Amino acid sequence: MAEQAKQAAGPSFRDEEGNGGLTSRRAKARERKRRQRARQRAGVEVFRVEVDAAVADALVERGLLPSLVSDQPEAVSRAIRAHLIQSLGLARR
C-alpha cells in the first residue's frame, strides 16, 4: 500500500540525504557569501559589464588577452581588469 502511494506521488526530487537538494543549495549559498566577504575585506567590488566581440578583439590586439581564450568570460574579465589597471596607472594588488 505504501509503495502505491509513493508511486502515485510522482518522481522524487530528493538528493542522497533525502532533503531535496537543500544541502547542495545551502553549500553553494555559503560559498557565494564567503567569496563576497573576502572581496569586501579586500576592498574589491564586482561590476557586471556587457561587452561585444569588438572589445575582446581590441584586448587581443593590445596583447592583454590571448586569442585562444577570447571567448571565455573569466579570461576577458581578467584582461579588462588588466587594461583598467594599466590605463589608470594603478599598481596591481
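Some notes on this structure:
- Förster radius 41 Å - calculated FRET efficiency between LEU22 and LEU90 (Cβ-Cβ, nearest 0.05): 0.45
- Ascending count of other beta-carbon atoms within 10 Å, so fewest first, for ILE80, ILE85: ILE85, ILE80
- For the range 48-93, a simple Cβ point-charge model (Lys and Arg +1, Asp and Glu -1, everything else neutral) yields a dipole of about 400 debye relative to the Cα centre.
Bear in mind that the values in this text are calculations on the coordinates, not laboratory data. Source: prediction; values computed, not measured. Every residue, glycine as well, gets a Cβ built from its backbone with ideal geometry; the counts of neighbours run over all protein chains shown.
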